[in-house]
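**Student:** I'd like to ask some things about the structure below.
The values are calculated or read from the model by the stated rules, or taken from the named source; none is laboratory data. Since the model is a prediction, treat every value here as computed from it, not as a measurement. Note: ideal-geometry Cβ built from the backbone for every residue, glycine included; neighbour counts use all protein chains shown. We work out accessible area using only protein heavy atoms, side chains counted, and drop any ligands, DNA or RNA first. Shrake-Rupley method; radii C 1.70, N 1.55, O 1.52, S 1.80 Å.
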Amino acid sequence: MYKVAITGTGVFTPKEVITNDELVKAFNAYADKFNFENNDLIERGEIVAKEHSSSDFIFAASGITQRYVMDKSGILDPNIMHPSLPKRDDDAPSIMAEMAVDACVKALKQSGKTAADVDCIIVAASNHERAYPAIAVEVQDLLGTSGFGFDMNVACSSATFGIQSATDMIKAGSIRSALVVNPEICSGHLEWRDRDCHFIFGDVCTATFLERLEDAKVAHFEVISTKCATQFSNNIRNNNGFLRRSLPEGLTDQRDMQFMQEGRKVFKQVVPMVSNHILDHLASEKVDASKLKRLWLHQANKAMNDFIGRKVLGRTPEEGEQPNILQDYANTSSAGSIIAFSQHSDNLNKDDLGLICSFGAGYSVGSVLVKRAS
Ligand code: COA
């Protein structure tokens, strides 16, 4: 069995930002327009008037202040309210592959490696731009790597499940290295006209380069172990694909193509599931939680992370012990914990232990215990 190291990470951040105030202004303009156009139905009590959203509510409920997106203009246009991402020719790179290549190049650069050193690419995300050919195979082509690639989807847990898959293949010797890539165009699956959730998501892509420990050339983390679990729930669901270009036959409304959730239930059910999962993972490694120097958690909701951090550590996490990035990025699905890891791991010392943990639809939860090796 080979030992495995994470030697590089990369983050592609879209150029366009939407602040809470900009988002709320667009939503409220849409709500006013809807109420005006449907005044008769509202007056007759046949439909309910749309209420205004509020920046204060958004920050208090989630901790989010802004989000990056692939197309701001469509989302903020009260007549459109979704990203306008034109269909591309089959010969042009897909949007997700372009995002992925940017993140992969950054991860390889940090690792001190090139495309020639990559044996496998796993594109692990909540939503894939198409069913096939796999985005991973396109990324392989664009980067010029050999070996193989495949796509996988475990919703917000895709990154950690992808890291477990890559780790196990490297351990067993079937590959020497892998890029695990998480392109998330969450703006495509979000209903920007739904006040209860219109603020939740943003777009991003992360990449993690894993290789045999013996091949590591730069400062890195050893992967001590991984642990994945799933348990069926309908509380976070998307029934029907995601990137809206035109509605499929038979669908008159796009809601069935988008993210839906029972947010309160998710909050209550997932917090104990994740806390117990992390504690079980640590127990199986005979690691006391007090030995953990850092928790890089999935970034969906600040209060949720605060609860999990307190339950795992048995006290309120200190500044920097459990970094959040969702104030800047919002929920970026599978990429969130990897952004936190990428941006907040440099200042750990040799032999420090940390844990990456993602969770979400399925339900699913995945954790990766790492040790700073140099
Ligand atoms: N602006 C102003 N008020 C709003 C609002 C908005 N945009 N959206 C909802 N509200 C109101 C509601 O109408 C409700 O009012 P009421 O109490 O008078 O009925 C009130 O705020 C509380 O709504 P609620 O949905 O209970 O808010 P919340 O505090 O639970 O926060 C979430 C909502 C979604 C942020 C939170 O439940 C959450 O993060 N859950 C977990 C999400 C998650 O991890 N999902 C996984 C995704 S991968």
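**Student:** So, of the residues in region 201-226 that are of a type in the set (D, E, K, R) and within 20 Å of ALA373 (Cβ to Cβ), which turns out to be surrounded by the most Cβ atoms within 10 Å (Cβ to Cβ)?
**Tutor:** Ranking the qualifying residues of region 201-226, first place goes to GLU211.
**Student:** Checking the condition surrounded by 17 or more Cβ atoms within 10 Å (Cβ to Cβ) and more than 19 Å from VAL223 (Cβ to Cβ), which residue from SER333, SER337 passes?
**Tutor:** Criteria check complete, one pass: SER333.
**Student:** I'd like the full set of residues that are within 16 Å of the ligand (Cβ to nearest atom), surrounded by fewer than 18 Cβ atoms within 10 Å (Cβ to Cβ) and either over 15 Å from HIS82 (Cα atoms) or not small (Gly, Ala, Ser) (or both), limited to region 23-42.
**Tutor:** Scanning region 23-42 gives LYS25, ASN28, ASP32, PHE34, ASN35.
**Student:** Show the residue pairs meeting these rules: Cβ distance below 8 Å; 6+ apart or different chains; first residue within region 118-135 and farther than 14 Å from LEU243 by Cα and of a type in the set (D, E, K, R); second residue modelled with pLDDT of 95 or more and assigned to a loop (DSSP other than H, G, I, E, B).
**Tutor:** Partner pairs satisfying both residue conditions: ASP119/THR145; ASP119/SER146; ASP119/GLY147; ASP119/ILE175; ASP119/ARG176.
**Student:** What is the residue count in region 146-203 for residues that are farther than 25 Å from ILE6 by Cα and among the acidic types (Asp, Glu)? Walk me through how you get there before you give the answer.
**Tutor:** Here is the first cut: in region 146-203, the residues farther than 25 Å from ILE6 by Cα are 186-202.
So of that shortlist, the ones also among the acidic types (Asp, Glu) come out as 191, 194, 196.
Of the residues in region 146-203, 3 are farther than 25 Å from ILE6 by Cα and among the acidic types (Asp, Glu).
**Student:** Could you give me the residue pairs with C-beta distances under 9 Å whose first residue belongs to region 231-243 and is under 17 Å from ASP203 (Cα atoms), whose second residue is open to solvent by less than 30 Å² (accessible area, probe 1.4 Å) and of a type in the set (Val, Ile, Thr) wherever it lies, and which are 6+ apart or on separate chains?
**Tutor:** PHE242/ILE185; LEU243/ILE95; LEU243/ILE185
**Student:** Output the qualifying pairs, or none if there are none: Cβ atoms under 6 angstrom, residues six or more apart or on different chains, first residue in region 49-62 and open to solvent by less than 90 Å² (accessible area, probe 1.4 Å) and assigned to a helix (DSSP H, G or I), second residue more than 6 Å from the ligand (Cβ to nearest atom) and charged (D, E, K, R).
**Tutor:** From region 49-62, the pairs are SER55/ASP21.
**Student:** Identify, from the list VAL223, VAL218, the residue that is closer than 19 Å to LYS109 by Cβ and touching a residue at least 24 places away in the same chain (Cβ under 8 Å).
**Tutor:** On inspection, the qualifying residue turns out to be VAL218.
**Student:** Please verify whether LEU76 is within 21 Å of ASP203 (Cα to Cα) and in contact (Cβ under 8 Å) with a residue 40 or more places away in the chain, treating the condition exactly as stated.
**Tutor:** yes
**Student:** A follow-up question, please. How many residues does region 315-343 hold that are hydroxyl-bearing (Ser, Thr, Tyr) and free of Cβ contacts under 8 Å to residues at least 24 places away in the same chain? Give the steps one after another, and end with the answer.
**Tutor:** Of the residues in region 315-343, the ones hydroxyl-bearing (Ser, Thr, Tyr) are 316, 329, 332-334, 337, 342.
Of the ones still in play, those that are also free of Cβ contacts under 8 Å to residues at least 24 places away in the same chain are 316.
Adding up the residues that qualify gives 1.
**Student:** Filter region 256-267 down to residues that are assigned to a helix (DSSP H, G or I) and more than 9 Å from the ligand (Cβ to nearest atom) and give me whichever is most open to solvent (accessible area, probe 1.4 Å).
**Tutor:** The residue in question is ASP256.
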